[in-house]
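The numbers here are math on the coordinates, done by the rules we state, and not lab data. Not measured: the values here are computed from a predicted model. Positions of Cβ are backbone-derived with ideal geometry, glycine not excepted, and every protein chain shown enters the neighbour counts.
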Amino acid sequence: MTEDPFLVTGLCLYVAAERFGTRLFPAWLIALEILLFASLFLVSAEGAEASIRGIILGAVIIGAAWVLGIRTQRMRCETERNARAQERLRLARDIHDVLSHTLGGIGVRAGVVAHVKSSTPDDLRSALQGIESDARDALGQLQVLMRQERSETADDAPPGSLPELVRELSQPAIRAGISVVIDADESAHDLPAAQRTTAYRIIQEALTNVIRHSGAGTCRITIRTEGDDLRISVLDDGPGAALASKNGHGLTGMRERAQLLGGTFEAGRETNGYRVAVSLPGTAGRAHSR
């Protein structure tokens with residue numbers, strides 16, 4: 001196979017280090033390198049140049065093979081750790097979106113019932129039915145999310161076009177007494193899975209903040225495709241949505257979702273309320289080129 005035994009030895013050491021190594025410079029490797037260099041003093045004068053060159057080359061091959069194997073192992077482990085951390089973050093973000101949206105609506109509905117003394121039995125029954133419906137919806141979404149985690153499916157939004165999904169998302173806000181206006185392009189009905197899911201989750205969290213923090217009477221959701229970009233705006237007329245930026249991870253999660261697709265995210269007060277604005281690149285072009 002080869003006349004140089006150090007090449008085979010180096011390959012074996014690389015594989016061993018990459019699979020089983022723990023230390024970059026173990027004691028036995030240092031001792032072996034010292035032994036190889038010490039053998040230089042035992043080289044006879046006849047053919048000394050070739051022998052010295054072979055011993056030095058062998059020492060370099062053995063040392064480099066082991067170090068390279070350890071480096072490769074550590075890089076692989078670091079990559080796996082980062083992948084697991086990203087997966088945990090994504091799952092935590094999805095669960096947060098599902099639960100915060102539903103629990104926010106339940107909390108508002110229950111609070112209204114608790115503080116309105118003139119509620120009739122029919123009002124109470126209707127409120128409880130709405131709470132039950134919201135809880136079942138959240139449970140269904142969690143079940144879908146868990147099934148997709150097991151099957152490693154990328155699209156974690158329910159089936160349907162984005163405007164249809166947004167109409168469903170707006171129901172808790174409507175039941176909480178907020179008028180929701182949805183203004184969507186026709187092209188928003190046909191979006192790639194990644195953009196549709198990202199837009200869905202961002203709008204879901206934005207509506208949750210409107211329900212829980214804004215004190216708004218009206219919320220306007222605008223969905224536009226401009227060239228290759230999908231632009232989303234969620235504007236409410238309430239005074240309190242800015243509290244969401246101080247008390248929770250909702251805005252952070254929305255920003256992270258947009259940045260994962262190379263998009264932009266902005267949130268802040270305007271003269272007529274509080275706005276969340278998102279731009280996601282490449283959606284229109286890819287949607288129509290499928």
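Quick look at the values:
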| item | result |
| --- | --- |
| Interchain or long-range residues, amide H under 5 Å from Leu230's placed H | Leu280, Gly282, Thr283, Ala284 |
| Virtual spin-label span in nm between Arg74 and His189, 7 Å along Cα→Cβ | 5.7 nm |
| Sequence-distant residues sharing a close amide H with Ile182 (under 5 Å, placed H) | Ile221 |
| Inter-probe distance in nm under a simple model that places probes 7 Å from Cα toward Cβ, at Glu168 and Ala92 | 2.7 nm |
| Phi to ³J(HN,Hα) by Karplus 6.51 cos²θ - 1.76 cosθ + 1.60 over the range 209-220, Hz, x for Gly, Pro | 5, 5, 5, 7, 10, 7, x, 7, x, 9, 9, 10 |
| Label point distance in nm, Ser39-Val60, each placed 7 Å from Cα along Cα→Cβ | 1.7 nm |
| Potential lengthening between Asp123 and Thr218 on full extension [0.36 nm per residue; Cα-Cα distance subtracted] | 31.9 nm |
